[in-house]
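A short write-up of the structure that comes next.
The values are calculated or read from the model by the stated rules, or taken from the named source; none is laboratory data. Owing to the predicted nature of the structure, the values given are computational and were not obtained by experimental measurement. Cβ sites come from the backbone with ideal geometry, for glycine too, and all protein chains shown count toward neighbours. All accessible areas refer to the heavy atoms of the entire protein, side chains included, with ligands and DNA or RNA removed. Shrake-Rupley method; radii C 1.70, N 1.55, O 1.52, S 1.80 Å.
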Amino acid sequence: MAPDLGSPRTALHLGSPRTALHLGSPRTAPDPARPRATPRRAPLALAAVFTLALALALAPAGPAGAAAAGRAPVAPSYGTHRTGSTAGPVEKLYGAEVRRIPTTAHTVALTFNAAWDEQGLATVLEVLRQQDAPATFFLTGQFAERHPAAARTIAAARQGIANHSYSHAPFGKLTPAQRAGEITRADRAIREATGIVPLPFFRFPYGDTTPEQIAEVNRLGYADIEWTTDTTGYKGAATGMTVQKAVKRAVDALRPGAIIQMHVGSLDGQGDVLDAQALSQIIDAVRTRGYTVTSLNTLLTPA
């Protein structure tokens, strides 16, 4: 917040904690019996530094203030989120289609795609809270635009958020420029809706990957994170899918570092969201078998 220039008590502190520039303070009348001091001229370099510091201090806070000060705005982040072009440990994942966390520990990562409706999201987040379990949500840009409150709720729960393209189009039918546009447009939409910097993870729509497409994603600063198994709960009861079948698919895929894919909505937006209903049973089954639920953030831990 910019200082109140009209208040006699407002002080702008620059550099040293003992040095204060008082803006708007009442001026004391000069003593006529006192000889005037000869004015001293500050060196031009010092004056320039003072002017720059004052301009930066008075610039408004937030993205607008950063732009006014000539700095790129940076969204707030949770944990190990992507900050600009610094890739860090994510680079070790480049060139690969990651379908499990490389570990020998009995750990499992829970992930959710959010591309359609948010019907099951409240249940999913509540189960994760009750079970004290982390998860990562792969959002499309369109989901973030259509359901910004839902996207903010995920961020407020401090669960991981990553990129699932803008429109969920099959990448094999797009040009390289179109694919890049899908990723960058989704990134902007997710940042705007959530106020955070997404994790440097990208999940291809439909798991439609090729080495060339993975290389394109890597050049944009993302690792390709797919899944060990999909519960397929998104298909809904109309296709014969059940909660029990979703749980079984998750349990059958258990192995060190397994990544389980689920969805917060249903394919047609109708009926119950089976993954939301199955989640508590899946977590219980995983833990009963000696596994712990971990976060995909562990992929960003330096070796």
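Things worth noting here:
- Solvent-free Debye scattering, log10 I(q)/I(0), computed from the Cα coordinates of the range 104-245 at q = 0.10 Å⁻¹: -0.34
- Relative contact order (percent, whole number), the range 190-303, Cα cutoff 8 Å, 6+ residue spacing: 21
- Tensor-based shape of the range 101-186 (alpha-carbon gyration tensor, a/c under 1.5 rounded, otherwise prolate or oblate): oblate
- What the phi angles of the range 253-262 give under the Karplus curve with 6.51, -1.76 and 1.60, with θ = phi - 60°, is a coupling list of 8, 4, 6, x, x, 4, 10, 9, 9, 9 Hz, glycine and proline written as x.
- For the range 243-250, putting each phi into the Karplus relation 6.51 cos²θ - 1.76 cosθ + 1.60 with θ = phi - 60° gives couplings of 4, 4, 5, 5, 4, 4, 4, 5 Hz, in residue order, rounded to whole numbers and with x for Gly and Pro.
- Placing pseudo-labels 7 Å out from each Cα toward the beta carbon at E212 and R129 gives an inter-label distance of 4.7 nm.
- Percentage relative contact order, the range 78-208, counting C-alpha pairs under 8 Å, at least six apart: 28
- For F137, residues with placed amide H under 5 Å, excluding near neighbours: F112, G160, I161, A162
- Length gained on full extension, R289 to A177, computed as 0.36 nm times the residue gap minus the Cα-Cα distance: 35.8 nm.
- The range 203-303: C-alpha gyration tensor shape, a/c 1.5 cut-off, then a/b vs b/c: oblate
- Close amide H pairs (under 5 Å, H built 1.01 Å from N) link F201 with N163, A223, residues at least 5 positions away or on another chain.
- R255/E192 FRET efficiency (R0 41 Å; Cβ-Cβ; nearest 0.05): 0.65
- Of the residues E216, E118, the one with the largest accessible area comes first in the ranking E118, E216, computed with a 1.4 Å probe on protein heavy atoms.
- Placing a label point 7 Å from the Cα of R158 along the Cα-to-Cβ direction, the residues of the range 190-232 with a backbone N closer than 20 Å are 194-200.
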